[in-house]
Amino acid sequence: MAEYNAKSSNALSFEVTKDDQLIGRLMYKSWFKFNATVEIVSDLSYQIEPKGFWGTTIEVKDNERVLLKFRMNWNGEIVVQTYFNSLKKSYVFKHRGIFKESFVLADEEGIEFLVMKPDLRWSTMNYEYQITTSPAFDTLSNKELLLINSLHCANYYMSMMSSAAIV
């Protein structure tokens, strides 16, 4: 099991660390949009872009090649599909709890790969996340990208739920 932290210095960027070592960054282009850039410390950069008329499917691209995509289904779970090494795999990113809320990334068999616990810092109104991964997570290819995409999924979920509460 590994422990990661994701901290937001402002509403538009997050840094993900493990043992105080930078793993990568998630940087949004602007408020109210899901476009973002993911930077992995090993000098890799990916683009996150909504697709379709309503922008309900989000794609993560390496130039024009789609590596990962996700969308929220009718029950509030986010279905994540990866295309790493030309292999398609599916995962579910879901919200758990109300008072001790967390997010979980699991595969189709229900094996949990990570648990994220959000913490709103009231003084700055920024979120921080404590992320605990399972030993199975360490066996995944592109685990850093999947980790930072999970952070994006958590932000996407909270944005969608807060906008649904306003309507």
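The values are calculated or read from the model by the stated rules, or taken from the named source; none is laboratory data. Because the structure is a prediction, the values reported are computed rather than measured. Quick reminder, even Gly has a Cβ in these numbers, built from the backbone with ideal geometry, and neighbours come from all protein chains shown. The protein model used for the area step is the full one, side chains on, heavy atoms only, and it has no ligands, DNA or RNA in it. Shrake-Rupley method; radii C 1.70, N 1.55, O 1.52, S 1.80 Å.
What to note about this one:
- Checklist (1) modelled with pLDDT under 90; (2) over 16 Å from the mean Cα position of the chain (by Cα); (3) surrounded by 11 or more Cβ atoms within 10 Å (Cβ to Cβ); (4) not charged (D, E, K, R) applied to Ala11, failing item: (2)
- Filter pass, Phe99 being loosely packed, with under 14 Cβ neighbours inside 10 Å and either under 13 Å from the mean Cα position of the chain (by Cα) or without any contact (Cβ under 8 Å) to a residue 40 or more places away in the chain (or both): yes
- If you go through the stretch 62-73 and keep only what is farther than 17 Å from Ser141 by Cβ and without any contact (Cβ under 8 Å) to a residue 40 or more places away in the chain, you end up with Asn63, Glu64, Arg71, Asn73.
- In the stretch 74-89, residue nearest to Thr139 (Cα to Cα) [restricted to those that are touching a strand residue (DSSP E or B) at 6+ places or on another chain (Cβ under 8 Å) and open to solvent by 40 Å² or more (accessible area, probe 1.4 Å)]: Lys89
- Test: Phe14 is within 19 Å of Lys88 (Cα to Cα) and in a strand (DSSP E or B): no
- Odd one out for Thr17 among (1) open to solvent by 60 Å² or more (accessible area, probe 1.4 Å); (2) more than 13 Å from the chain's Cα centre (by Cα): (1)
- Number of the condition not met by Ser134 [criteria: (1) of a type in the set (Gly, Ala, Ser); (2) modelled with pLDDT under 95; (3) within 27 Å of Gln21 (Cβ to Cβ); (4) surrounded by fewer than 20 Cβ atoms within 10 Å (Cβ to Cβ)]: (2)
- Selection of the stretch 33-60 for residues being part of a loop (DSSP other than H, G, I, E, B), open to solvent by 30 Å² or more (accessible area, probe 1.4 Å) and more than 13 Å from His152 (Cα to Cα) yields Val41, Ser42, Asp43, Gly52, Phe53, Trp54, Thr56.
- Residue match in the stretch 63-72 (condition: open to solvent by 60 Å² or more (accessible area, probe 1.4 Å) and aliphatic (A, V, I, L, M)): no
- Look at (1) open to solvent by 20 Å² or more (accessible area, probe 1.4 Å); (2) touching a Ser or Thr at 6+ places or on another chain (Cβ under 9 Å) and you find that Val92 fails only one, number (2).
- Which numbered condition Leu114 fails, given (1) part of a helix (DSSP H, G or I); (2) surrounded by 18 or more Cβ atoms within 10 Å (Cβ to Cβ); (3) not basic (Lys, Arg): (1)
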